[in-house]
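Structure record follows, encoded as C-alpha cells.
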Amino acid sequence: DTAVSQTPKYLVTQMGNDKSIKCEQNLGHDTMYWYKQDSKKFLKIMFSYNNKELIINETVPNRFSPKSPDKAHLNLHINSLELGDSAVYFCASSQGDAGANSPLHFGNGTRLTVT
Amino acid sequence: AQSVTQLGSHVSVSEGALVLLRCNYSSSVPPYLFWYVQYPNQGLQLLLKYTSAATLVKGINGFEAEFKKSETSFHLTKPSAHMSDAAEYFCAVSLNYGQNFVFGPGTRLSVLP
C-alpha cells in the first residue's frame with residue numbers, strides 16, 4: 001500500500017518534448033507538493049496545492065504547469081523540455097489543516113533525463 | 001526569510017561510532033523542525049520532528065535531535081552508527097503559517113566498516 005506514488009519512475013526524453021508526471025496519495029491529506037532535487041541533492045519546492053487550490057508557486061518557468069483534479073492527485077506537466085530540467089522530481093503530501101508541524105510524506109521520485 | 005544550513009556536506013564515521021549531523025536554522029519566529037533521511041533512489045522519510053513539546057526529540061532507527069533555541073540549532077545524533085545508516089540526511093523547517101517547508105542542502109553520511 002504505497003502512500004504517495006508517482007509515475008513514471010524514470011523518464012528519458014529529448015529537448016523540446018512535452019511530458020507529464022503523475023502523483024497520487026492515499027493518505028487522505030489535503031495538501032500536495034512538487035519538489036525538484038538537482039544533481040547536488042538540493043531540494044526546492046516548486047508548487048503546493050491545498051484542496052485543489054494553488055497556494056505556493058515558486059519561481060518556476062511557466063513551462064511547468066501543475067494540475068490537481070482532486071485533492072488526492074497532483075500532476076506535473078512540462079512543456080518544451082530543456083536540458084536544465086533534468087533532475088529528480090518528488091511529489092509529497094501533508095495534512096495542511098493540522099498545522100505547519102504536519103510532516104511531508106514523499107513519493108519515490110521521478111528521475112527525468114532530457115537529452 | 002527562513003533558511004537552513006547543514007555544516008558538512010559529507011560526514012564519515014566508523015561503524016559503532018557516534019553520529020553527529022549539524023543543522024542550524026534562521027527564522028524570525030520559532031519554527032517547526034524536521035529531519036528526513038533519503039536512501040539511494042528513494043524518496044525522503046521522516047526521522048523525527050520538533051514541535052515545541054520537548055526539546056529532545058527521539059525518532060526512528062535510534063536517532064534523536066535536540067532543539068537549542070539559543071544556538072538556533074537542531075543537531076541529529078545517534079550513539080552508535082550502523083552500516084544501514086549510510087544515506088543522505090536533510091534538515092527542514094516549517095513556520096507556523098502556510099505549508100512551506102525549507103530544506104537544508106543535505107549531509108551525506110558514510111559508515112565505514
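Bear in mind these aren't lab numbers, they're just calculated from the coordinates by the rules spelled out. The structure presented is a predicted model; accordingly, all values stated were derived computationally and were not measured. Because the Cβ atoms are built from the backbone with ideal geometry, glycine has one as well, and the counts that use them run over all protein chains shown.
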Where the centroid of each part is defined by its Cα atoms, how far is segment A:2-24 from segment B:36-98 in Å? 29
Calculate one ³J(HN,Hα) per residue across segment A:68-79 by plugging θ = phi - 60° into the Karplus curve 6.51 cos²θ - 1.76 cosθ + 1.60, and present them in order as whole Hz with x for glycine and proline. 10, x, 7, 6, 9, 10, 9, 9, 10, 10, 10, 9
For A:Lys41, counting only lysines whose alpha-carbon sits under 18 Å away and dropping same-chain residues fewer than eight positions off, the answer is A:Lys9
Taking a ≥ b ≥ c as the square roots of the eigenvalues of the Cα gyration tensor of chain B, is the shape rounded (a/c under 1.5), prolate (a/b larger than b/c) or oblate? prolate
Please list, ordered by chain and number, the residues whose modelled amide H lies under 5 Å from the amide H of A:Met46; skip anything fewer than 5 residues away on the same chain. A:Trp34, A:Tyr35, A:Lys36
Would you mind checking the pairs A:Lys40/B:Lys58; A:Lys36/B:Lys58; B:Lys49/B:Lys78; A:Lys36/B:Lys68; A:Lys40/A:Lys71 and listing those with alpha carbons more than 23 angstrom apart? A:Lys40/B:Lys58; A:Lys36/B:Lys58; A:Lys36/B:Lys68; A:Lys40/A:Lys71
So, with +1 on the Cβ of K and R and -1 on the Cβ of D and E, and no other charges, what is the size of the charge dipole of the protein assembly as shown about its Cα centre, to the nearest 20 debye? 220
Scoring only Lys, Arg, Asp and Glu (+1, +1, -1, -1) among other residues with Cβ under 12 Å from the Cβ of B:Arg22 yields -1
For chain B, the dipole about the Cα centre with charges only on Cβ (Lys and Arg +1, Asp and Glu -1), to the nearest 20 debye, works out at 180
Just check segment A:1-109 against the gyration tensor rule for me: Cα atoms, a ≥ b ≥ c as the square roots of the eigenvalues, rounded for a/c under 1.5, and otherwise prolate or oblate depending on whether a/b exceeds b/c. prolate
Kindly state, to the nearest 0.05, the FRET efficiency for B:Gln42 paired with A:Asn79, given R0 = 41 Å and r defined as their beta-carbon distance. 0.90
Residues whose modelled amide H sits under 5 Å from the amide H of B:Glu15, counting only those 5 or more places away in sequence or on another chain, are B:Leu112
